[in-house]
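Visitor: Structure incoming, see below.
The values are calculated or read from the model by the stated rules, or taken from the named source; none is laboratory data. In this text the structure is predicted, and so the values were computed from the model without any measurement. Every residue, glycine among them, receives a Cβ derived from its backbone with ideal geometry; neighbour counts consider all protein chains shown.
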Amino acid sequence: MRTGLRMFVCLTVGALALGLAVAEPMDMLAALAQGKIEATFYGNGDESVRGRIRTSTFGPDEITVAPGTQFWAQQEGLQGMTTLGWVPIDLRGRPFVIVEIPTACTNYDLPAPSRWDKMIPYCCPSPKMAALTSAIGRVQPSRPVVQLAVWAVANNPTWQQVLGYAEGKATSDNEEEQAAQVLSFRQQTAQLLTNSGIDLSDLRMFAE
């Protein structure tokens, strides 16, 4: 009797383990390419992308959007957006889901896409961006630091080109305190990039 019970328990655990393996999340781009899901994405300002995702009959229960996944605006002259950190999306028990994916702008000198502007997702364009956006997902820096770091990798602007943005994000009305806060943004950005394994020597934002 005990032998039969042990066998039953082992078979049950094995079946559960197999079920868990089958239910593992699927990469969103792979799910799209294989027709497992249908999705449309639109702009949502300069900090996120909104989407509507529907799974197929035999599609995944859960998908993930990888760090650095790029969303390109289909209207010329608008910002591209990069995903920050891993974004899990649960599709179970619903005909479709509406999602908001945290992103940062990858074109510092272009306007943000609106909710009417369609966005198409693509693989992360560079290992540096993948490393940076993975680190952002882990440590959750302040928004100005996130955006400055993404621009440094995506566009390599000079500090003067992004100074207006940094000054606009400083919260102090006192000029001296504002200057100190802007300097802190720059220093924190440099530290984030360094911690992501990115060499600052080629980045014009940190040139003397």
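Visitor: Does residue 150 fit the bill of being in contact with a strand residue (DSSP E or B) (Cβ under 9 Å, 6 or more places away or on another chain) and either closer than 24 Å to residue 71 by Cα or assigned to a loop (DSSP other than H, G, I, E, B) (or both)? Lay out the reasoning, then the answer.
Guide: Details: in contact with a strand residue (DSSP E or B) (Cβ under 9 Å, 6 or more places away or on another chain): yes; either closer than 24 Å to residue 71 by Cα or assigned to a loop (DSSP other than H, G, I, E, B) (or both): yes.
Here the answer is yes, as residue 150 does meet what is asked.
Visitor: Quick check on region 131-141: of everything there that is farther than 11 Å from residue 197 by Cα and within 11 Å of the chain's Cα centre (by Cα), which residue is surrounded by the fewest Cβ atoms within 10 Å (Cβ to Cβ)?
Guide: Start the filter on region 131-141 by keeping residues that are farther than 11 Å from residue 197 by Cα, which leaves 133-134, 136-141.
Narrowing the set further to residues that are within 11 Å of the chain's Cα centre (by Cα) leaves 133-134, 136-137.
Values: 133: 28, 134: 18, 136: 24, 137: 16.
The selected residue is 137.
Visitor: While we're here: Just for region 149-172: of the residues that are of a type in the set (A, V, I, L, M) and farther than 28 Å from residue 40 by Cα, which one is surrounded by the most Cβ atoms within 10 Å (Cβ to Cβ)? If you could, list the steps in order and put the result at the bottom.
Guide: Filtering region 149-172 down to residues of a type in the set (A, V, I, L, M) leaves 149-150, 152-154, 162-163, 166, 170.
Filter once more, keeping what is farther than 28 Å from residue 40 by Cα: 152, 162-163, 166, 170.
Numbers: 152: 26, 162: 22, 163: 15, 166: 21, 170: 19.
The extreme case among them is 152.
Visitor: Give the residue, chosen from 160, 191, 178, 187, that is part of a helix (DSSP H, G or I), among the polar types (S, T, N, Q) and modelled with pLDDT under 95.
Guide: On the way: 160 fails: modelled with pLDDT under 95; 191 fails: modelled with pLDDT under 95; 187 fails: modelled with pLDDT under 95.
Being part of a helix (DSSP H, G or I), among the polar types (S, T, N, Q) and modelled with pLDDT under 95 holds for just one of 160, 191, 178, 187, which is 178.
Visitor: Let me ask something else. All but one of (1) farther than 17 Å from residue 48 by Cα; (2) in contact (Cβ under 8 Å) with a residue 40 or more places away in the chain; (3) part of a helix (DSSP H, G or I) hold for residue 144; which doesn't?
Guide: Going through (1) farther than 17 Å from residue 48 by Cα; (2) in contact (Cβ under 8 Å) with a residue 40 or more places away in the chain; (3) part of a helix (DSSP H, G or I) one by one, residue 144 breaks only (1).
Visitor: Take the residues in region 85-121 that are charged (D, E, K, R), more than 21 Å from residue 164 (Cβ to Cβ) and part of a loop (DSSP other than H, G, I, E, B); name whichever of them is modelled with the lowest pLDDT. Give the derivation first.
Guide: Quick first cut of region 85-121, residues charged (D, E, K, R) only: 90, 92, 94, 100, 109, 115, 117-118.
Pick out the ones that are also more than 21 Å from residue 164 (Cβ to Cβ) and you get 90, 92, 94, 100, 115, 117-118.
Within this subset, residues satisfying the condition of being part of a loop (DSSP other than H, G, I, E, B) are 92, 94, 115, 117.
On the way: 92: 92, 94: 86, 115: 93, 117: 97.
Per the criteria, the residue is 94.
Visitor: OK, next. Is it fair to say residue 69 is touching a strand residue (DSSP E or B) at 6+ places or on another chain (Cβ under 8 Å) and either among the aliphatic types (A, V, I, L, M) or over 19 Å from residue 137 (Cα atoms) (or both)? Give the derivation first.
Guide: Values: touching a strand residue (DSSP E or B) at 6+ places or on another chain (Cβ under 8 Å): yes; either among the aliphatic types (A, V, I, L, M) or over 19 Å from residue 137 (Cα atoms) (or both): no.
Taking the combined requirement at face value, the residue does not satisfy it.
Visitor: Given the options 130, 149, name the one that is closer than 25 Å to residue 72 by Cβ, hydrophobic (A, V, I, L, M, F, W, C) and in contact (Cβ under 8 Å) with a residue 60 or more places away in the chain.
Guide: On the way: 149 fails: in contact (Cβ under 8 Å) with a residue 60 or more places away in the chain.
The conditions single out 130.
Visitor: For region 194-208, how many residues meet the condition of being in contact (Cβ under 8 Å) with a residue 24 or more places away in the chain and either surrounded by 12 or more Cβ atoms within 10 Å (Cβ to Cβ) or assigned to a loop (DSSP other than H, G, I, E, B) (or both)? I'd like the intermediate steps shown before the answer.
Guide: Of the residues in region 194-208, the ones in contact (Cβ under 8 Å) with a residue 24 or more places away in the chain are 195-198, 202-207.
Of the ones still in play, those that are also either surrounded by 12 or more Cβ atoms within 10 Å (Cβ to Cβ) or assigned to a loop (DSSP other than H, G, I, E, B) (or both) are 195-198, 203-207.
Looking only at that region, the number is 9.
Visitor: Restricting to region 41-78, and then to whatever is part of a strand (DSSP E or B) and either acidic (Asp, Glu) or not assigned by TED's automatic domain parsing to the domain that holds residue 95 (or both), can you tell me which residue is modelled with the highest pLDDT? Explain how you work it out, then say what you get.
Guide: Going residue by residue through region 41-78, those that are part of a strand (DSSP E or B) are 41-44, 46, 48-55, 62-65, 70-73.
Cutting the leftovers down to either acidic (Asp, Glu) or not assigned by TED's automatic domain parsing to the domain that holds residue 95 (or both) gives us 46, 62.
Values: 46: 92, 62: 96.
That would be 62.
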